[in-house]
Amino acid sequence: MKILHWIKICNEYNKEDFIPLIVDNELLGAISKQHLNLFESEKEVFRFENGILSLKPQIFEERTVEIEKVMKKWFQQGIVKHWKNEPYRVSNEFNAEPKFLIERAAASLLGVQKYGVHLNGFVRDENQIKMWIGRRSTTSGLFPNKLDQLVAGGLGAGFTPLETLIKECEEEANISKQLAQQAKSVGMITYCMTSNQGNLNRDALFIYDLELPIDFVPENTDGETQAFYLWDLNKITELIENTEEFKINCNLVVIDFLIRHGFITPENTPNYLSLIQGLHGSFHFN
């Protein structure tokens with residue numbers, strides 16, 4: 001299994017399988033055609049005309065309240081699989097005023113843009129870089145027992161990426177605020193893929209690097225991580241190339257790290273350009 005495999009998986013979708021969600025004349029998301037009957041049954045909230053799904057409520061507060069009612073009902077019916085009590089802002093651009101808020105676990109049903117924060121925690125041991133990797137809890141609702149970044153989390157409404165990073169650092173690895181603030185923002189990864197449930201996952205991940213003291217040992221405090229490992233980049237690359245151990249999108253974050261730190265280069269990687277392009281996928285109907 002080669003590195004490019006994960007790039008392709010995270011950019012696999014067929015636009016013909018989806019219906020655009022248009023709000024205030026802006027493309028905000030896309031719903032799976034196989035779920036159209038669900039939305040058509042909620043006639044007080046959603047309107048389907050001329051191949052386009054739109055919202056009947058016209059203002060932010062009303063949209064947020066009415067959509068939450070529908071999503072809670074779908075959660076009780078098992079259509080929405082989890083409930084995090086984490087509202088996400090829904091807008092066409094990251095810093096734009098949101099059109100409404102939606103529960104994190106329901107966002108993919110509408111195919112709206114979601115945001116997250118991932119931290120590469122690493123140390124320099126003599127002449128080599130080693131990275132801290134976490135293993136998710138066996139009881140995690142999503143991707144149990146998979147390998148993950150040292151710290152990662154969704155970007156909830158009301159938080160900036162750095163605020164989210166600091167909060168998640170404390171919860172997931174017992175990294176102090178003072179140390180977390182030393183993390184460097186190093187860019188973004190975007191991808192768009194069809195989920196196992198047929199929904200559209202559109203994610204944009206803010207990536208941070210944090211060089212940790214050589215004697216630092218992470219400690220999980222929220223029960224979401226069962227173990228931490230400090231591995232060299234050869235071992236991590238081997239795991240990505242030959243196993244399915246990592247949570248799918250975490251593969252992309254590690255690949256980005258390997259590129260930026262000169263471990264993957266144009267000289268040693270035939271598909272170098274495809275890797276670079278694949279880390280910045282997007283969704284469009286054009």
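Odds and ends about this structure:
- The set of residues in segment 151-178 being touching a Phe, Trp or Tyr at 6+ places or on another chain (Cβ under 8 Å) and surrounded by fewer than 20 Cβ atoms within 10 Å (Cβ to Cβ) consists of Gly154, Gly156, Ala157, Pro161, Lys167.
- Against the test of being more than 17 Å from Lys247 (Cβ to Cβ), in contact (Cβ under 8 Å) with a residue 40 or more places away in the chain and among the polar types (S, T, N, Q), the options Thr160, Thr164 yield a single qualifying residue, Thr164.
- In segment 184-207, residue surrounded by the fewest Cβ atoms within 10 Å (Cβ to Cβ) [restricted to those that are out of contact with any strand residue (DSSP E or B) (no Cβ under 6 Å at 6 or more places or on another chain) and not in a strand (DSSP E or B)]: Asn196
- Residue among Glu68, Glu97, Glu171, Glu93 that is assigned to a loop (DSSP other than H, G, I, E, B), charged (D, E, K, R) and over 17 Å from the mean Cα position of the chain (by Cα): Glu97
Residue by residue, here is whether (1) in contact (Cβ under 8 Å) with a residue 60 or more places away in the chain; (2) out of contact with any strand residue (DSSP E or B) (no Cβ under 6 Å at 6 or more places or on another chain); (3) among the basic types (Lys, Arg); (4) buried (at least 20 other Cβ atoms within 10 Å of the Cβ) holds:
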residue: Lys43; (1), (2), (3), (4): no, yes, yes, no
residue: Lys56; (1), (2), (3), (4): no, no, yes, no
residue: Ile79; (1), (2), (3), (4): no, yes, no, no
residue: Trp83; (1), (2), (3), (4): no, yes, no, no
residue: Val90; (1), (2), (3), (4): yes, no, no, yes
residue: Glu103; (1), (2), (3), (4): no, yes, no, yes
residue: Gly111; (1), (2), (3), (4): yes, no, no, yes
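- Top-ranked residue of segment 115-155 - restricted to ones that are in contact with a His (Cβ under 9 Å, 6 or more places away or on another chain) and free of Cβ contacts under 8 Å to residues at least 40 places away in the same chain, ranked as farthest from Ile175 (Cα to Cα): Gly153
- Criterion violated by Ile7 - all others in (1) over 14 Å from Gly111 (Cα atoms); (2) aliphatic (A, V, I, L, M); (3) free of Cβ contacts under 8 Å to residues at least 24 places away in the same chain satisfied: (3)
Bear in mind these aren't lab numbers, they're just calculated from the coordinates by the rules spelled out. What you are looking at is a predicted structure, and each value in this text was computed from that prediction instead of being measured. Reconstructed Cβ throughout: ideal geometry from the backbone, glycine too, with neighbour counts over all protein chains shown.
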